[in-house]
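Here's the structure we're looking at; comments come further down.
What follows draws every value from the coordinates through simple rules; no lab data is involved. None of the values given here were measured: they were computed from a predicted structure. Note that each Cβ is placed from the backbone with ideal geometry, even for glycine, and that neighbours are counted across all protein chains shown.
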Amino acid sequence: MSRMTTYPFAAIVGQEEMKEGLILNTINPSIGGILIRGEKGTAKSTAVRALASLLPDREVVKGCPCGCRWGAWDDLCPDCQSMRDSIEMETQPMRVVELPLSSTEDRVAGTLDIEHAITTGRKRFEPGVLAKANGNILYVDEINLLDDHIVDLLLDSAAMGRNFIEREGISYSHPARFILVGTMNPEEGDLRPQLLDRFGLMVDIRGEYDERLRSEIIRRRLAFERDPEGFCSLYEGDNVSIRDNILAARDIVRDIEPDDRVLDMAVKVSIHLGVDGHRADLTMVKAACTYAAYTGREEATPEDVIHVSKLVLPHRMRRNPFQDSTLDTGELERWMRATAETL
């Protein structure tokens with residue numbers, strides 16, 4: 001679906017936490033992606049596909065199947081490195097790359113032509129989904145139904161920013177910097193806790209039960225289906241405003257240094273909830289700085305940590321087998337605000 005006919009991000013009614021989590025990752029991909037859990041028909045896929053329309057074109061190496069970013073000379077694929085003196089630049093729109101559930105490891109990571117390497121002494125790489133996703137949004141619908149080893153492969157590549165392929169002693173690597181977005185219906189099963197923790201943010205969404213808002217959702221969807229381009233034009237100004245805020249925040253967040261109060265707030269809440277490891281602390285700090293940048297501020301505060309905690313913590317809390325991961329945000333926020341006053 002082209003940008004012109006993708007449902008506008010600004011037209012999505014409600015689901016503010018989902019939209020905010022997507023925007024924060026768009027500003028700062030190092031947050032680590034987002035997992036969106038919710039019942040069917042709650043605009044999960046619509047929001048993810050609409051996200052691409054908020055992003056500017058990318059400057060890439062012309063003709064590179066791995067989408068190597070122009071100017072990132074230390075992060076090129078081997079083919080671009082070997083032709084460094086002759087490569088050219090082109091612009092491409094950022095897009096959503098979808099991963100089918102039936103994908104094999106070779107389809108995801110790509111393959112090496114072993115026979116060609118043996119006979120010619122040169123590596124020939126057949127790109128996979130991770131090569132196409134470089135610099136883009138990698139979207140996995142029903143990620144809880146994907147084989148665990150494929151999910152591990154995606155998360156490892158997202159964390160390292162590079163995809164490594166090794167076959168019969170021959171190795172190859174290429175940049176794989178993407179925004180990982182997974183959606184799932186928890187009624188169909190959950191992800192292992194180890195995999196849940198690897199997602200930077202998570203949000204649970206539900207259908208809208210306010211009659212006025214629910215009617216507006218249906219009204220907008222019918223209008224979009226009747227005249228996609230005309231409907232998109234109505235929200236183009238709002239989409240541009242969100243896009244401008246994202247671009248401005250990208251510049252701001254690079255210069256934000258979290259102070260001791262922000263670090264202490266993140267650490268205290270993780271210890272208070274008994275969260276294992278340090279990934280939650282780090283993600284809270286990154287998300288807090290990113291949220292501050294998105295709101296136009298050059299300094300993060302403990303209040304920003306409180307704000308993003310609802311996206312960072314629910315899937316990392318210890319729980320018994322028959323408990324869900326719902327976070328009592330009201331109680332936690334009261335505790336955090338009281339703690340923030342002591343910092």
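List the lysines whose Cα lies under 26 Å from the Cα of K40, skipping any in the same chain that are fewer than 8 positions away.
Of all the lysines, those that pass the test against K40 - Cα under 26 Å, at least 8 places apart if same chain - are K19, K310.
By its C-alpha gyration tensor, with a ≥ b ≥ c as the square roots of the eigenvalues, how is segment 16-205 shaped: rounded for a/c under 1.5, else prolate for a/b larger than b/c, else oblate?
It comes out oblate by the Cα gyration axes.
Which of the peptides 271-277, 140-146, 30-36 is most tightly packed, and how do the rest follow, judged by the mean count of other Cβ atoms within 10 Å per residue?
Sorting 271-277, 140-146, 30-36 by mean packing, highest first, produces 30-36, 140-146, 271-277.
At H272 and L101, where each label point lies 7 Å from the Cα along Cα→Cβ, what is the point-to-point distance in nanometres?
It works out to 3.9 nm between the two label points.
Quick one: which of 188-201, 45-58 comes out on top by average Cβ neighbours within 10 Å, and what's the full order, highest first?
Ranking the peptides 188-201, 45-58 by packing returns 45-58, 188-201.
For the chain, with the dipole built from +1 on Lys and Arg beta-carbon atoms and -1 on Asp and Glu ones, taken about the Cα centre, which of V305, G189, M265 lies farthest toward the positive end?
Among V305, G189, M265, the one farthest towards the positive end of the dipole of the chain is G189.
Nearest 10 degrees is fine. How inclined is helix 329-340 to the longest principal axis of the chain, computing both from alpha carbons?
On a 0 to 90 degree scale, this one is about 90.
Add -39500 (n - 2.57) for each DSSP H run of 4 or more in the chain, then divide by its residues: what number comes out at 222 nm, to the nearest 500 deg cm²/dmol?
Here the helix-only value at 222 nm equals -13000 deg cm²/dmol.
Given 37 °C and 0.692 mPa s, compute D for the chain with the Stokes-Einstein relation, Rh being the Kirkwood radius over Cα pairs; round to the nearest whole µm²/s.
Taking Rh from Cα pairs, D becomes 153 µm²/s.
Short version: ³J(HN,Hα) in whole Hz for each residue of segment 91-101, in order, from phi by Karplus 6.51 cos²θ - 1.76 cosθ + 1.60 (θ = phi - 60°), x for Gly and Pro, what are they?
9, 9, x, 5, 9, 9, 9, 9, 9, x, 4
Any idea what the relative contact order of the chain is, in percent, if you count C-alpha pairs under 8 Å spaced at least 6 apart?
22 percent
What's the angle, to the nearest 10 degrees (0 to 90), between helix 302-312's Cα axis and the longest principal axis of the chain?
That works out to roughly 60 degrees.
Give me the one-decimal nm value for the distance between modelled label points at R250 and S233, 7 Å along each residue's Cα-to-Cβ direction.
2.8 nm
Taking K62 as the anchor, which lysines have their alpha carbon closer than 22 Å to its alpha carbon, excluding any fewer than eight residues away along the same chain?
Within the straight-line cut-off, K62 pairs with K123, K132.
Explain nothing, just compute: Karplus ³J(HN,Hα) = 6.51 cos²θ - 1.76 cosθ + 1.60, θ = phi - 60°, for every residue of segment 261-271 in order, whole Hz, x for Gly and Pro.
3J(HN,Hα) across segment 261-271, in whole Hz: 5, 5, 4, 5, 5, 5, 5, 4, 5, 5, 5.
Could you check what % of the DSSP bridge pairs in the chain are antiparallel, to the nearest 5?
45 percent
Among S86, F164, T26, which residue has its Cα positioned farthest towards the positive end of the charge dipole of segment 16-205, with +1 placed on the Cβ of Lys and Arg, -1 on the Cβ of Asp and Glu, and the dipole taken about the Cα centre?
Toward the positive end, the furthest listed residue is S86.
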